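Q: Take this structure, written in structure tokens, and hold onto it; I'll ask about it next.
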Amino acid sequence: MNIHRRGYLMGVGAYLPKEIVKTRDLLEEVKSERFGVPVDFIERRIGIIEKRKAEEGSQPSDLAVTAGRVAINKAGISPLDIDCIIFCGIEGNWSEPATALAVQNDLEARNAILCFDVSNACNGFLSGMYIADSLIAAGRIECALVVTGEKTSRQINSLMKLLKSCDDTERFRNRVGALTVGDAGGATVIGTSTNGIGFKKFNSVAEGQYHKMCWYKYDDNGNADGEMIMKEIAPTMKDLETEMLRQTYKLLDWTADDVDCLVSHQIGKKYHVQIAELTGVPLEKCTKTYDLYGNLASASIPVNLYLNPPKKGFNYLLIGGGASITIYHVGLRT
């Protein structure tokens, strides 16, 4: 008998720092009105009122470990039951070794024989889920911990200095969107299913020709700089999503009526409404966290799943968007 193996969600965890940062305060600090940008621009136009900031001195792995402990507890397993750890944050603790090893050590997950990092901008977590599901389907592992820790406040500190000294309107406007990102940790325990629940299909697209629309890097002095050109990103993503959704629904043999819950990357209210309209899923079935937590980069999907716990027998459509542009669609049965 041919038994089909697939990954399924055993437990979801998150870590949301206590310190709250108001987006209005950030724009006041950089004197955004010099360039005709009101101090309530991010709150009013993008819909992000506030976000969270991690403790000084904390590392991405610290956020990931805290979220990981919650996910492991929710799954009802021991860290020793995990045989693969995938860290998916945009930045880790260091360039070498893999931050997943720090997570393994702190969780005392000594039986995790595979520990590695995956980097794919805001789509890192869905990339990690894809790899975990593939390893399970191939029979290589039984249980994976996919984690992320996004401490974007490290880059925001450099960006704030740049914006304060900026004297060019276009340059300012192309960078101010980066102030929407917040800190968080996220985690999922993915186990092995043979009874039909779990991940149904993954669909993805990568369009590297758009890599200049959203980027950041460090200069020789260690200062971060980057751009997030939303006026170009939004229409491009809409065109790609429209075509891709037809493929995704066909792969899943679903219509919009089959989707019980839509969990999408949280960029802001315009994207939130746009994704609901493109998928045909009513807004009341769409999770929402951007208003109080901002754009959480790769932690967006697990945080949304944690704050809106998966219900048994539901069909979930997970949608991720990342810089370059990359898009992921995932069908999940819980």
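Q: Looking at segment 10-17, is at least one residue assigned to a helix (DSSP H, G or I), β-branched (V, I, T) and either touching a Pro at 6+ places or on another chain (Cβ under 8 Å) or touching a residue at least 12 places away in the same chain (Cβ under 8 Å) (or both)? Please lay out each step first, then the result.
A: So in segment 10-17, the residues assigned to a helix (DSSP H, G or I) come out as none.
Within segment 10-17, not a single residue is assigned to a helix (DSSP H, G or I), β-branched (V, I, T) and either touching a Pro at 6+ places or on another chain (Cβ under 8 Å) or touching a residue at least 12 places away in the same chain (Cβ under 8 Å) (or both).
Q: Just one of the numbered conditions (1) in a strand (DSSP E or B); (2) hydrophobic (A, V, I, L, M, F, W, C); (3) buried (at least 20 other Cβ atoms within 10 Å of the Cβ) is not true of V205; which one?
A: V205 satisfies all of (1) in a strand (DSSP E or B); (2) hydrophobic (A, V, I, L, M, F, W, C); (3) buried (at least 20 other Cβ atoms within 10 Å of the Cβ) except (3).
Q: A further question follows. When the residues of segment 41-55 are filtered to those that are over 16 Å from N157 (Cα atoms) and in a loop (DSSP other than H, G, I, E, B), which remaining residue is nearest to the chain's Cα centre (by Cα)?
A: Result: I48.
Q: Scan segment 187-202 for residues that are of a type in the set (V, I, T), closer than 17 Å to V330 by Cβ and part of a loop (DSSP other than H, G, I, E, B) and jot them down.
A: I197
Q: With the condition being surrounded by fewer than 16 Cβ atoms within 10 Å (Cβ to Cβ), I'd like the helices (runs of 4 or more DSSP H) fully within segment 215-334 carrying at least 3 qualifying residues.
A: 230-252, 269-279
Q: If I filter segment 31-57 down to residues being touching a residue at least 24 places away in the same chain (Cβ under 8 Å) and among the small types (G, A, S), which single residue comes out as farthest from Y15 (Cα to Cα)?
A: The extreme case among them is G36.
Q: Here's something else I'd like to know. Return only the number of the condition from (1) in contact with a Leu (Cβ under 8 Å, 6 or more places away or on another chain); (2) within 20 Å of A323 (Cα to Cα); (3) surrounded by fewer than 22 Cβ atoms within 10 Å (Cβ to Cβ) that G182 does not satisfy.
A: Failed condition: (3).
Every number in this text was worked out from the coordinates using simple rules, so none of it is lab data. A quick note: this is a predicted structure, and the numbers were derived from the prediction, not measured. Quick reminder, even Gly has a Cβ in these numbers, built from the backbone with ideal geometry, and neighbours come from all protein chains shown.
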